[in-house]
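Report on one structure; see the data block that follows.
Values quoted throughout were computed directly from the atomic coordinates according to the rules given, and no laboratory measurement underlies them. The model shown is predicted, which means the values in this text are computed figures rather than measured ones. Quick reminder, even Gly has a Cβ in these numbers, built from the backbone with ideal geometry, and neighbours come from all protein chains shown.
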Amino acid sequence: MSKQLKYKLKKTLKNAEFVHADLEYHKELSQDALRGFQEEIGRLINELSDEDKKRLEDHLNPPPVAQPAADESEPEGSELVGEEADTDLIPTDIPPEKDLPKPPKLNKEIELKKLFRRIAEHTHPDKVRASGFSEKEILRLERVFIRAKQAYDSENWYILYSIALDLDLSIDGPSTEQVEWIEDDIKKTLAKISAIANLTAWHWYVGDDDSKKLALKFYFQQIYGFEHPSL
């Protein structure tokens, strides 16, 4: 492993560790945020008059709209127009499928499987229970195995790699591609964090009084098409 790659790996692992911890933080607090937000919505709805409650209910459950009878006749040449329009949207410079470069997914799948099997040799419930470990250690290793299996199923190289390091398994020096897999996981994890942070309930949970009021107002407008009188 080159010195440059060694330090890049170290830096990337630290970044991945941070964003995964941040994701856990957001996941844990988002449960409280959603629960508290729904309770507040319920409280505000209970404050409404019966007439306003009926308006909300009607907005959520509108009466069915009668559909006009289908007109089986079509303008002459309409099918041709549709076909021509579709044809115009088809790019003409795409190379044949056989000429497209093969994605590196197969290599990643192979490496994931190899690493997971090595971890399973040390953590599989059947193996650890047959090894004479204490019950506490058996339970710990079983939890490690479950986490490794989840990481394998989701193709998360960073978590599998981290588990292997924690188990003191000898790992071949990482390639540039393996570092890229960890970087890709960081991007996916950041996207999950962003999705939580963009929830209206999250803005309500972490915001000041004005932000909380704005989040509630936005929710009533978007979900019920209604301006709550106290907001």
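For residue 226, the residues 5 or more places off, or on other chains, whose built amide H falls under 5 Å of its own are 221. Do any of 114/192; 10/136; 6/27; 10/187; 53/217; 27/192 go past 20 Å between their Cα atoms, and which? Over 20 Å apart, Cα to Cα: 114/192; 10/136; 6/27.
On the principal axes of its alpha-carbon atoms, the stretch 103-167 has extents of 44, 18, 16 Å, going from largest to smallest. Rounded to the nearest 0.05, the FRET efficiency derived from the C-beta distance between residue 131 and residue 213 at R0 = 35 Å is 0.05.
FRET efficiency for the residue 230 to residue 154 pair, using the beta carbon distance and R₀ = 45 Å, is estimated at 0.55. Here each label is just a point 7 Å from Cα along the line to Cβ, and for residue 57 and residue 39 those points are 2.6 nm apart.
Legend: calculated FRET efficiency, residue 197 to residue 113, from the Cβ-Cβ distance at R0 = 41 Å, rounded to 0.05, equals 0.75.
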